[in-house]
2 protein chains.
Amino acid sequence: MDNRLYNFIGGAAGAWRVLKMATVSGAPLPEVARIEIIEGENDSAPENSVWRLRGVTSYERYVTRAEKDSLIAVQEGLNRPAATCAALIPIRKSAAWWELAQDERRAILETNSKHIAIGLKYLPAIARRLHHSRELGEEFDFLTWFEYAPEDAGAFDELVGTLRGTKEWNYVEREVDIRLVRAERL
Amino acid sequence: MDNRLYNFIGGAAGAWRVLKMATVSGAPLPEVARIEIIEGENDSAPENSVWRLRGVTSYERYVTRAEKDSLIAVQEGLNRPAATCAALIPIRKSAAWWELAQDERRAILETNSKHIAIGLKYLPAIARRLHHSRELGEEFDFLTWFEYAPEDAGAFDELVGTLRGTKEWNYVEREVDIRLVRAERL
């Protein structure tokens, strides 16, 4: 798995237009009209940017070989022409989560909460890329980016709703849910 | 577990004097006389510095609750007055390692290679702090810092020798072994 750094820049410009920003828990993020995604080290934020969230793709921390094979068999990549809807969901987990041992986190995430199995149910419709931010000293631990077609928006609501009802989500102390549509560049 | 960023700066100055730098595998690091450790974001490297390696402490990726409790029960912290010897061992693992699923990495690291159990055997003599560098886009994946008393130098050689003979080490593609002693500041 490559380690690629992505910058999600909220502001007045960008390839994705914000439809709605909802604070699910913890502190909100300032409202913005658009989000631009820039790959790689980039200290020069675009003009009129309001915030920048950074995350890096990395190896999987929880999936087993059997789960990984199931995911690979059905998942599709980002940038599908029909997937004109997107969501950016930054999350921060509590200190209690990070103090758990690996087997305890796995037990909560999958044995109890079925996080991986739930995500699998919505493939290939909902494509996803997870970015790790915690090691970068960012205010969130993870940034998940999702892409789907307009007709799958209901399925996406169901997916995030199901996850928010799990035991794992007791450890989520901050979550912002940003829905977007692909836009013409300004 | 806190996420603390540490800078290991090799050059002419620093609190630790280099006794020996050995390249175990892959490309060497330029020889330096001393290493300084600076905590936190720090873009102003000291004068005459030759290289800087950065890593962040993070949550444990493999230990179970039982293993974590065993480690906590016997381990001691850094900066013990008697621990005047240290080692900095930067490591990079292969793409094949990072492509493995979590259960496969755990099986190699502990079920087969006994990495955690081997480290436990040398506690509390050998104190250790692991830093993650991969997510920072660094040239190494991990920096491990060890501290021990001079009379435990033989035990430390035994520890690293044992680990280098394990299956896990088949996935180590670059490793530099730097031995140091605490020095008066220049």
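The values are calculated or read from the model by the stated rules, or taken from the named source; none is laboratory data. Bear in mind that the values here come from a model prediction, so they are computed numbers and not experimental data. Glycine gets a Cβ as well: all are built from the backbone with ideal geometry, and neighbour counts include every protein chain shown.
Scanning the range A:83-106 for residues that are within 14 Å of chain B (Cβ to nearest Cβ), polar (S, T, N, Q) and under 19 Å from the mean Cα position of the chain (by Cα) turns up just one, A:Ser94.
Count of the range A:104-142 residues, restricted to those that are within 17 Å of A:Leu78 (Cα to Cα), touching a residue at least 40 places away in the same chain (Cβ under 8 Å) and among the hydrophobic types (A, V, I, L, M, F, W, C), is 4. For the range A:107-124, a residue qualifies if it is away from every other protein chain (no Cβ under 14 Å) and of a type in the set (S, T, N, Q), and the qualifying residues are A:Asn112, A:Ser113. Just one of the listed residues (B:Glu151, B:Glu158) is more than 12 Å from every other protein chain (Cβ to nearest Cβ), modelled with pLDDT of 95 or more and either buried (at least 20 other Cβ atoms within 10 Å of the Cβ) or within 20 Å of B:Val24 (Cβ to Cβ) (or both), and it is B:Glu158.
B:Ala127 fulfils the conditions (1) within 14 Å of chain A (Cβ to nearest Cβ); (2) in contact with a Gly (Cβ under 7 Å, 6 or more places away or on another chain) except for a single criterion, (1). Applying a threshold of 9 Å to beta carbon distances and a minimum spacing of six or more residues, or different chains, the list of pairs starting in the range A:170-184 at a residue that is touching a residue at least 60 places away in the same chain (Cβ under 8 Å) and ending at one that is of a type in the set (Asp, Glu) reads A:Arg174/A:Glu139; A:Arg174/A:Asp141; A:Arg182/A:Glu147.
If you go through the range B:1-54 one residue at a time, how many are at positive phi and of a type in the set (S, T, N, Q)? The total comes to 1. Residues in the range A:33-47 that are surrounded by fewer than 14 Cβ atoms within 10 Å (Cβ to Cβ) and either in contact with a Pro (Cβ under 8 Å, 6 or more places away or on another chain) or in a loop (DSSP other than H, G, I, E, B) (or both): 5 in all.
Scanning the range B:52-100 for residues that are surrounded by fewer than 15 Cβ atoms within 10 Å (Cβ to Cβ), touching a residue at least 24 places away in the same chain (Cβ under 8 Å) and more than 24 Å from B:Trp169 (Cβ to Cβ) yields B:Val74, B:Glu76, B:Gly77, B:Leu78, B:Asn79, B:Arg80, B:Ala82. A:Leu109 passes every criterion in (1) closer than 21 Å to A:Ala27 by Cβ; (2) within 17 Å of the chain's Cα centre (by Cα) apart from (1). Checking each residue in the range B:40-82 for being closer than 15 Å to B:Arg129 by Cα, away from every other protein chain (no Cβ under 14 Å) and polar (S, T, N, Q) picks out B:Gln75, B:Asn79.
Here is a yes/no grid of residues against (1) at pLDDT 95 or above; (2) assigned to a strand (DSSP E or B); (3) away from every other protein chain (no Cβ under 14 Å); (4) surrounded by 15 or more Cβ atoms within 10 Å (Cβ to Cβ):
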position: B:Phe8; (1), (2), (3), (4): yes, yes, yes, yes
position: B:Ala13; (1), (2), (3), (4): no, no, yes, yes
position: B:Met21; (1), (2), (3), (4): yes, yes, yes, yes
position: B:Val24; (1), (2), (3), (4): yes, yes, yes, yes
position: B:Glu31; (1), (2), (3), (4): yes, no, yes, no
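Of all the residues in the range A:135-186, those that are of a type in the set (Asp, Glu), over 13 Å from the mean Cα position of the chain (by Cα) and over 30 Å from B:Glu41 (Cβ atoms) number 6.
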